[in-house]
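Working notes for the structure below.
The values are calculated or read from the model by the stated rules, or taken from the named source; none is laboratory data. Because the structure is a prediction, the values reported are computed rather than measured. In this analysis, Cβ positions are derived from the backbone assuming ideal geometry, glycine residues included, and neighbour counts consider all displayed protein chains. All accessible areas refer to the heavy atoms of the entire protein, side chains included, with ligands and DNA or RNA removed. Shrake-Rupley method; radii C 1.70, N 1.55, O 1.52, S 1.80 Å.
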Amino acid sequence: MTKTILGACLSGAMLTLIIAAANDARAQAIDGQAQAEYQRPRVGLVLGGGGARGAAHIGVLKELERQRIPVDVIAGTSMGAIVGGLYASGMTADELEELVGSLDWAAALTDKPDREDLSFRRKQDDAQFPIDFELGVRGTDLVLPKGVIHGQRLDVLLRELTMRTSHIRDFDDLPIPFRAVASDIERGVPYVMAGGDLAKSMRASMSVPGVFAPVRIRGRLLVDGGLMGNLPVEVIQQMDVDVIIAVDVEFPLYAREELGSALAISEQMLTILIRKETLRQVDRLAEHDVLIRPELGVYASTNFGDIVETIEPGVAATREQSEKLRSFSVNEATYNTYQARRAAPPKTGSKLAFVRVVHEGKLLPEVLESRLTVKAGDPIDPQTLAKNADRLYGLQLYEHVGYSLVEEDGRTGVEYRATTKSWGPNFLQFGVSLEDDFEGSTAFNIKARLTRAGLNRLGAEWRTDLQLGTDPNLFSEFYQPLSFDSRWFVAPRINMAQSNLNVFSFDETIARLRVSEAETGLDFGRELGNFGEFRIGVFRGLGEARVKVGDPALPNIDFDTGGAFAALRFDTLDNAQFPRSGVRADLRWTLSRPGLGADNESDTVSGEIAYSWSRGKDTLQLGLDYATTIESDNAVQDFFPLGGFLRLSGLERGEISGPHAALARLVYYRRVGETTGGIFDTPVYFGASAEVGNVWQSRSAIDFDAMIISGSVFAGIDTFIGPIYLAAGFAEQGHSNVYLFMGEPPR
């Protein structure tokens, strides 16, 4: 018994000694690792600006990770601020490489929202006034926007990518302390951002003047940091570092033989001015610091389509500095500890406690909140939050719509902040249309739309259109929503227009009339989400039809109009000019009644529908148009014209017309070439159409066997001023037409 107790005691003592020894060994290992961490130099990384060339920074980060070199602080300018800020927030080099390779840069570097996010009225603007430019009107002055791009999509993207650190307001509290450098355009000095909104700070740092609109932060108007400090060595030196790794990706100076144009000389001047400050920053580097200059040649700073090509030169340039970098490397255990500490902390809270919208202007907050789909109690999902920012931006009332997660009384909510357009609140949009068959038949119109938006708390707007040219038109409508959700509305309107119309006798053209009309009306309707609208209304008008070409003995016609109508319109197309998917439909029933001022009693029914679907780069579009007049075939002003591009392309524009018309078309087009990913992409398409249709002068004459078969082949370009087509049209009996078409897509 005594031996047993003694043995147990000895065994316990032995176990205690073993545990103590193990703990001592673990402690020594931890102390050794901590000692190694303590003794290693504090590394500061400087990432310079250079547009798309800045993706080379990702290659540098990849190689630093491979060599197990911890980065303790980061300072970046422009694209360097984007890469550096995302890395500082917890992303890895591999995640950054995947991001820049998969991102649709052409979309990210534009402001144009997806059409599905536009309100139906803004879809009308997009289709009818395709010139992608808007002027402000303030009194008698025209006001220009502050930049071609306002950074809406880029800002939303950056917020989504930095969501997990959105609660951090001091950049020293990020997984890696960070500084972003911008330029104060008012004072002409650099501005270093060490806290605040990380996404907004990165966005401000790359606001190239004239391209991106400036960003206002703490009363400062900020643009691209490259103007004042494209390689912010001095900034990193103020962050208590022992060694600096600086990465310079600036565009090189042109050689003499490359300075053959005013543009090249202007670019050279700007490069010299920026490089002068960069060289001053480089001179601040000590002998033990490392300067990395990837071999990027004349790779363009705007070439975002091939951006991944710059990553490997970053890797190679860093590898060439391996000898100097080796002394900053740590063992695997130490580096794993560093990476674990660097991992981005998750955002506290999993559900939204509240949702609110902060904005400037007269609108009730409820008007904007009614557009949101996210509600209190919903999970915090970056994609959903971003999508709702896009929905508010789709109203096209604001220069920018951002969002942020905010903490109040221990609760997490989302706050959307809408910034009114600085060139508003009245906006001018423009359009141009041209159709020329190169044989004397030409139609040309220029037009402008003035929209006075946000006139009262419910979001009323006054829209006025003026068109000059072949078909002059003046239209004005006051659109008044009847509730904060903007669904029901009332819209008084006036319209004055002129157009040409061919008159037939036994299928022969006998005259061309000039039809002039004036009409006033009162409409009542309801918006159908973002995709459609239903209207009913009454109207009263008068007009005349004068013989312009033909037998002068033919009588001129004066007429009165009056009646009621019902209209249903849909638009889910993803692109108004060259759609790849979606439907556009316009259905209308008009009742003309003597009791409401019309000369005769008649009904007209018309409908247009076009459906598009795509596979790869190929698109098919099926279009069907039908119109008929009930009770009366003699109201010339109600005739439906056919002829022109995609409306029996082998015939002249409006060559045939009648009270009854039908048209079917199948259009195929293919996008050629690759998207460059640049800011100014210009898609090119080749296609063909098959069309069949006709008009009839009386209901008894309707005979679908008499359909005219027509078609076209065309090349199209989706340009800044709208679509441009060069086409050849063909029809039965030897009819053919070669013409240029520009402007609003024919329907």
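Taking 0.36 nm per residue of sequence separation and subtracting the Cα-Cα distance, how much length would be gained by fully extending the chain between Lys112 and Ile131, in nm to one decimal? Walk me through the intermediate numbers first.
Working: separation 19, 0.36 × 19 = 6.84 nm, distance 1.21 nm.
Length gained, Lys112 through Ile131: 5.6 nm.
Label point 7 Å out from Leu740 along Cα-to-Cβ: which residues of region 696-719 have amide N under 15 Å?
Output list for this probe position: 715-717, 719.
Which whole-angstrom value gives the distance between the alpha carbon centres of region 510-530 and region 591-633?
Centre-to-centre (Cα) distance: 13 Å.
Just the number please: accessible area per residue for the chain, 1.4 Å probe, all protein chains included, in Å².
46 Å²
If packing is taken as the mean number of other Cβ atoms within 10 Å per residue, what is the order of 302-309, 54-61, 275-282, highest first?
Put in order of decreasing packing, that is 54-61, 302-309, 275-282.
Please tell me which of these pairs span more than 30 angstrom C-alpha to C-alpha: Lys123/Lys362; Lys123/Lys351; Lys362/Lys387; Lys421/Lys617?
In this structure, Lys123/Lys351; Lys421/Lys617 lie more than 30 Å apart at Cα.
Among Thr318, Gly377, Ala690, whose Cα lies farthest out toward the positive end of the dipole of the chain, if unit charges sit on the beta carbon of Lys, Arg (+1) and Asp, Glu (-1)?
Toward the positive end, the furthest listed residue is Gly377.
Specify the inter-centroid distance of region 232-247 and region 681-712, based on alpha-carbon positions, in whole Å.
Rounded to whole Å, the Cα centres lie 69 Å apart.
Using only alpha carbon pairs under 8 Å that are at least six residues apart, calculate the relative contact order of region 187-321 and give it in whole percent. Present the calculation step by step, with values, prior to reporting the outcome.
On the way: 125 pairs, mean separation 29.7, N = 135.
Result for region 187-321 is 22 percent.
What FRET efficiency, computed as 1/(1 + (r/R0)^6) with R0 = 35 Å and r the Cβ-Cβ distance, is obtained for Glu98 and Arg216, rounded to the nearest 0.05?
0.60
In nm, to one decimal, how far is the Thr373 label point from the Glu415 one, both placed 7 Å along Cα→Cβ?
Calculated label separation equals 2.6 nm.
Among Ala635, Leu726, Val357, which residue has its Cα positioned farthest towards the positive end of the charge dipole of the chain, with +1 placed on the Cβ of Lys and Arg, -1 on the Cβ of Asp and Glu, and the dipole taken about the Cα centre?
Val357
Which of the lysines could a cross-linker span from Lys324 if the Cα-Cα distance has to be under 19 Å and same-chain partners fewer than 8 positions apart are dropped?
The reachable lysines, counting only those whose Cα sits under 19 Å from Lys324, are Lys62.
I'm spelling it out carefully: the read-out is volume of the Cα convex hull per residue in Å³, the candidates are (1) 233; (2) 173; (3) 193, and one was derived from this structure. Which label?
Of the listed options (1) 233; (2) 173; (3) 193, (1) comes from this structure.
What order, most packed first, do the peptides 618-628, 216-226 have when packing is the mean number of other Cβ atoms within 10 Å of each residue?
216-226, 618-628
May I ask you to give the percent of accessible area on the chain that is carbon plus sulfur, with a probe radius of 1.4 Å?
It is 58 percent, rounded to a whole number.
Determine, from the Cβ-Cβ distance of Asn331 and His288 and an R0 of 25 Å, the FRET efficiency 1/(1 + (r/R0)^6), rounded to the nearest 0.05.
On the way: r = 21 Å, r/R0 = 0.84.
Efficiency for this residue pair is about 0.75.
Using modelled backbone amide H atoms (1.01 Å from N, in-plane), which distant-in-sequence or interchain residues come within less than 5 Å of Leu528's amide H?
Glu533, Phe534
Tell me the relative contact order for the chain as a rounded percent, counting alpha carbon contacts under 8 Å between residues six or more apart.
Details: 1824 pairs, mean separation 85.8, N = 747.
For the chain, the relative contact order is 11 percent.
If the only charges are +1 at each Lys and Arg Cβ and -1 at each Asp and Glu Cβ, what is the size of the charge dipole of the chain around the Cα centre, to the nearest 20 debye?
2200 debye
Viscosity 1.002 mPa s, temperature 20 °C: give me the Stokes-Einstein translational D for region 598-727 in µm²/s, with Rh taken as the Kirkwood radius over C-alpha pairs.
D, rounded to a whole number, is 130 µm²/s.
Identify the residues of region 163-189 with backbone N under 17 Å of a label point that sits 7 angstrom from the Cα of Gln321 along the Cα-to-Cβ direction, or state none.
In region 163-189, the label zone of Gln321 (backbone N under 17 Å from the point 7 Å along Cα→Cβ) covers no residue.
Using a/c under 1.5 as the rounded threshold, could you call region 569-629 rounded, prolate or oblate? The axes a ≥ b ≥ c are square roots of the C-alpha gyration tensor eigenvalues, and prolate needs a/b larger than b/c, oblate otherwise.
It comes out prolate by the Cα gyration axes.
List every DSSP H helix in the chain whose Cα atoms extend 30 Å or more along the helix's own long axis and whose mean Kyte-Doolittle hydropathy is at least -0.5.
Answer set is 2-39.
What is the ratio of the Cα radius of gyration of region 256-369 to 2.2 N^0.38 Å, where N is its residue count, to two decimals?
Normalised Rg, Cα atoms only: 1.81.
Which value in nm describes the separation of the simple spin-label points at Leu450 and Asp240, placed 7 Å from the Cα toward the beta carbon?
Result: 6.1 nm between the two label points.
Evaluate E = 1/(1 + (r/R0)^6) for Glu360 and Leu468, where r is the Cβ-Cβ distance and R0 equals 25 Å; express this FRET efficiency to the nearest 0.05. Don't skip to the end; give the middle numbers.
Numbers: r = 35 Å, r/R0 = 1.40.
The computed FRET efficiency comes out at 0.10.
Using a 1.4 angstrom probe with every protein chain in place, what is the largest-first accessible-area order of Phe639, Phe534, Phe730?
Sorted by accessible area, descending: Phe730, Phe534, Phe639.
Please list 141-153, 118-130, 468-480 highest first by mean number of surrounding beta-carbon atoms within 10 Å per residue.
Highest-to-lowest ranking by the protection proxy: 118-130, 141-153, 468-480.
Relative to the present Cα-Cα distance, how much length would full extension add between Arg487 and Arg670 at 0.36 nm per residue of separation?
Result for the pair: 62.1 nm of gain on full extension.
On a full-extension model of 0.36 nm per residue, what is the gain between Asp172 and Leu620, subtracting their alpha-carbon distance, rounded to one decimal in nm?
Length difference between fully extended and current span is 155.9 nm.
So what is the relative contact order of region 563-640, in percent, for Cα pairs below 8 Å that sit 6 or more residues apart?
On the way: 161 pairs, mean separation 19.4, N = 78.
Relative contact order, region 563-640: 25 percent.
Run the helix sum for the chain: -39,500 (n - 2.57) per DSSP H stretch of 4+ residues, divided by residue count, reported at 222 nm to the nearest 500 deg cm²/dmol.
Numbers: 16 runs with 171 residues, N = 747.
Only helices count here, giving -7000 deg cm²/dmol.
Looking at the square roots a ≥ b ≥ c of the eigenvalues of the Cα gyration tensor of region 346-457, which shape do they give, rounded for a/c under 1.5, prolate if a/b is larger than b/c, or oblate? Working shown, then result.
Working: a/c = 4.14, a/b = 2.47, b/c = 1.68.
Prolate.
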